[in-house]
1. Would you check which residues across region B:181-218 are crowded, with 18+ Cβ neighbours inside 10 Å, modelled with pLDDT under 80 and part of a loop (DSSP other than H, G, I, E, B) and list them?
2. Out of region A:132-183, which residues are within 30 Å of A:Met208 (Cβ to Cβ) and among the polar types (S, T, N, Q)?
3. May I ask you to list the residues in region B:219-245 that are of a type in the set (Val, Ile, Thr) and in a helix (DSSP H, G or I)?
4. For region A:9-40, what are the residues that are touching a Gly at 6+ places or on another chain (Cβ under 6 Å) and part of a loop (DSSP other than H, G, I, E, B)?
5. Go through region A:185-211 and give me each residue that's in contact (Cβ under 8 Å) with a residue 24 or more places away in the chain and facing another protein chain (nearest Cβ under 9 Å).
6. Looking at region A:255-298, which of its residues are under 22 Å from A:Ala346 (Cβ atoms) and surrounded by 24 or more Cβ atoms within 10 Å (Cβ to Cβ)?
7. Report whether or not A:Leu464 is closer than 19 Å to A:Gln331 by Cα, under 25 Å from the mean Cα position of the chain (by Cα) and either assigned by TED's automatic domain parsing to the domain that holds A:Phe378 or modelled with pLDDT of 85 or more (or both).
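The values are calculated or read from the model by the stated rules, or taken from the named source; none is laboratory data. Just so it is clear, the structure is predicted and the values come from calculations on it, not from any experiment. Don't worry about glycine lacking a Cβ; one is built from the backbone with ideal geometry, like all the others, and counts go over all protein chains shown.
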Amino acid sequence: MILLWLIAIPLIGGILAWTAERWSTTAPRWIALAATAVPLVLALTLWDGDPGDFWLAEFETSWIPAAGIDFYLAADGLGLLMVLLTFFLGVLSVGISWNTVPSRPGFFYFNLLLILAGTTGVFTALDLFLFFFCWELMVLPMYFIIGIWGHENRNYAAIKFFIFTQASGLLLLIAILGLHYAHAAETGVQTFRYGELLGTELAPGLGMGLMLGFFVAFAVKLPAFPFHTWLADAHTEAPTAGSLILAGLLLKTGGYGLVRFVVPLFPEESAAFAPVAMALGAIGILYGAKLAFAQTDLKRLIAYTSVSHMGFVLVGVFAWNAWAVQGVVVQMIAHGLSTGALFILAGGIQDRLHTRDLNAMGGFWPQAPCMAALALFFAMASLGLPGLGNFVGEFLILLGSFQVNVVATVLAALGLVGATVYSLWIIQRVFHGEPRESKGLTDLSLREITILGVLAAGLLGLGLYPKPVLHMSEPTVRALHETAPPPGAALATGQPENPVAHAVPPNERVPTDP
Amino acid sequence: MTPSDLQALLPHIVVAATAVAVMLVISFYRNQTVSAVLTVAGLFAAAACLPFVWSAEADAVPPLFRVDPFGCFHIGLLLTASVAVTVFSHSYLEKYRMERGEFYILLLLSVLGALVLTVADHFISFFLGLELLSVSLYVMVAYIFTKKRAVEAGVKYLFLAAATSAFLLFGMALIYAELGTMAFPEIAAELGGGDGLRSPYLLAGTVLVVAGAGFKLSVVPFHMWTPDIYQGAPAPVTAFLATVSKACVVVVLLRFLAAFDSDAVPGLYLALTVVACASMLTGNLLALLQDNIKRILAYSSIAHFGYLLVAFVAGGPAGAMAATFYLVTYFAATLVAFGVVAYLSPSDREADTVADYRGLFWSRPGPAALLSLALFSLVGLPLTGGFMGKFFLVGAGAEARLWTLLLVLAVSSAISIYYYLRVVVAMYSSIEDTPQTRELSEPFAATPPYGNTVGAVQALLALGLLVLGLYPQPVLAMIQSVTRTF
């Protein structure tokens, strides 16, 4: 029942915020804050559950029985982590847009909350139709946020985003239905349930086709190398809260989809496709880093670092051993926090100077020391400094993928050098060097410092003590590996008693279940 | 004619009687509102007969008609749409100083033609219904004869539809010459032998009949008339053309094609596949080039009937179910869209350029929200009926493993997003963006505020779209029960 509320509260809050706009300009943001904070607290109450029970919460009711569709929500450790990330960033995005929405605040928060509801649905739906419904539900409000409240070139960016995601969404729809009917032909049962569709026997050609349908849809959202072109425009033109949600949440739905659906539903096909996917991931890491370095637009630069970081996710998912998949989970959370923070900083600079052009910046450190210090912190996180969350994620992914594909791992590791270059480049261009015209540049406000401080604390916590997160996702990873065995599992004499334990320092060892 | 036959044809009789009644009333008392109210009352009365027809024991009136639940469902759908068109027409014609009562006679007669088509089970009733529908439509398209475009559109429609009727008749004659029967069940029995379309005459006849239907559905290559006539006709008539006059042909084509087994006549299904792909791509690509919202919707309707043909090719109960459900969602969305256009049109022209809609969301949120919802449904976004419609369509295609068609569908509907969004972008762009917007949206100041009947009808249709998108179970179960026989 809690899961239903997690979706319903943002929806109801969104409608209330929209209607409240008529009589107050400040009421919508308070409603939006409540509609994100309450679900965050509700989701936190699920943390107490023992992840060993596997499903921490479930909700199920009949929806369209005529077509075999159920309204089935369930959260395991992985789902809960993603839901928490959703509402954590949701609260922050309401906070960051607190007094920067110039027109129609009610409609803005309506869209923002609709995205959060859709994202929560994506992370908890275990009926493939419901999943697809929520998947598509996220797109339109994001389109409005970019298209109405975005920057100069907003219409182009919004339409490009919409067309990319819709086209790939249709492929996903065809693949879901293809899987549904293949399963119906095999067993005679009409169902969209994830649990029942697992293990469907597929003809080789059909299986590969369906797997690619799922893969392309998730790779576009991720975004993986050849499908990344929408990302820079959308991130750059979106308002700050929109960029935060895009980078922090929407990209994660792609990674989540790969982990939850692509490999478990199509284990053999994925294994065959893994070299290609890992190569695409490695290319994305290097190419994204190179493109980031070449940008003169601050938000565009940060956008391309996402391509680079999400390449690690792709490599990790298709390496598919416990280290790599755990790394993917940490990497997704850490990237959501660090890149979100960088977008907040870029948005703050743009609000003050009305430019994103790096050539117009420089030497801002003396005027805005708080901003500079925090930017340095998040740049360090982005380049993978040990002690911060991104390091744990990337380290685990590389550790895992090294055992599967040495070439891709070596190339991916080179991306860390690229990350160092572009991260320091941001600091160098914006805060060091010759002081430029910086009229109107004021230091961060208390509201911004609080928001960034929370994000920084999150990254620090994730970097120094990732055990709770790993512990939470560990049962999910184990269950996924039972469905789709990791490469080499057949050769080893049984699973290592707890693969994650090897990946974290001894003093942070995850206790093995009794 | 037995009493039970009369009972089965009750909706048709009521609609015909209403047409006569409106004519008689006009000859004594001319008042647009009275005619419109009478028309709506007649349509409701016809719909109220449906439960009796549904439960009628003898569900067929052989040999011409077959009044089965499938037909009844579509009669209900067409009557609902006709009520909406009547309401839109009333407010639209209010803006013109001319004789307006006759419009409703024509409307009722073409509704009657459409209703005949939905239960047609014989070439004679097929042709009668089609002619009754078309002849009234020629006049309706050109009804505002003070507008050049309307007259041009009317004449164009007359010529093309007359030519199509000739094709259709010739095709029927060829099939009759070969099989010696004009009744669909007997044609099906004759073809059931397994040797398929055994003679060239039979093949030519079938192709001509399907081509005639294709003209009404405006699928490629019979689509040329659509944009001009959609643009020239008054907006409520366009709504009628886009919905009622197409749906009844879908029904009759579903019945006719049910006689052809896809294994027995692969050529026919290959042809349908080609037509479907061509319609989806042509409709969506040409719509990209338009600046007129009625032309955009015209091309989009070409594409939508291309999507619908996917269900035809898939065939079987799943195909018929998907086609029917898609029609329902398409009806609601199209009626809302043209309803908004009709509502916003000033008396001197149609409010149909994309520029007319600039900033509409900020100046008139009501119509803008309705039009957005309709367009989102046509795109197939969740929360709207169009999403479910597309889902079941793709489902029918996936079940029949029509991967090529589905890929074309995916690609072409990705293209379609662009032109739908152009309208949406215009509506949501801020008025300050362009200095001339104030002048452009000036005519809209004259339109009455929402809250009247038109607004209520549109709100109901929009609510229907949302219900279809969120909880389609009741409608779906009903459609499944009526399409079981396919």
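1. Across region B:181-218, the qualifying residue is only B:Leu197.
2. Listed by number, the residues that qualify are A:Thr165, A:Gln166, A:Ser168.
3. Within region B:219-245, the first condition is being of a type in the set (Val, Ile, Thr), and the residues that meet it are B:219-220, B:226, B:229, B:237-238, B:243-244.
B:Thr226, B:Ile229, B:Val237, B:Thr238, B:Val244, listed by residue number.
4. Passing the criteria: only A:Glu21.
5. Those that are in contact (Cβ under 8 Å) with a residue 24 or more places away in the chain and facing another protein chain (nearest Cβ under 9 Å): A:Leu206, A:Gly209.
6. Pass one, region A:255-298, residues under 22 Å from A:Ala346 (Cβ atoms): A:284-285, A:287-298.
Of everything in region A:255-298, those that are under 22 Å from A:Ala346 (Cβ atoms) and surrounded by 24 or more Cβ atoms within 10 Å (Cβ to Cβ) turn out to be A:Gly284, A:Ile285, A:Gly288, A:Ala289, A:Ala292, A:Leu298.
7. yes
A quick yes/no check of all residues on (1) in contact with a strand residue (DSSP E or B) (Cβ under 9 Å, 6 or more places away or on another chain); (2) of a type in the set (Val, Ile, Thr):
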residue: B:Ala48; (1), (2): no, no
residue: B:Phe65; (1), (2): yes, no
residue: B:Asp68; (1), (2): yes, no
residue: B:Thr86; (1), (2): no, yes
residue: B:Leu93; (1), (2): no, no
residue: B:Tyr96; (1), (2): no, no
residue: B:Ile105; (1), (2): no, yes
residue: B:Leu108; (1), (2): no, no
residue: B:Thr118; (1), (2): no, yes
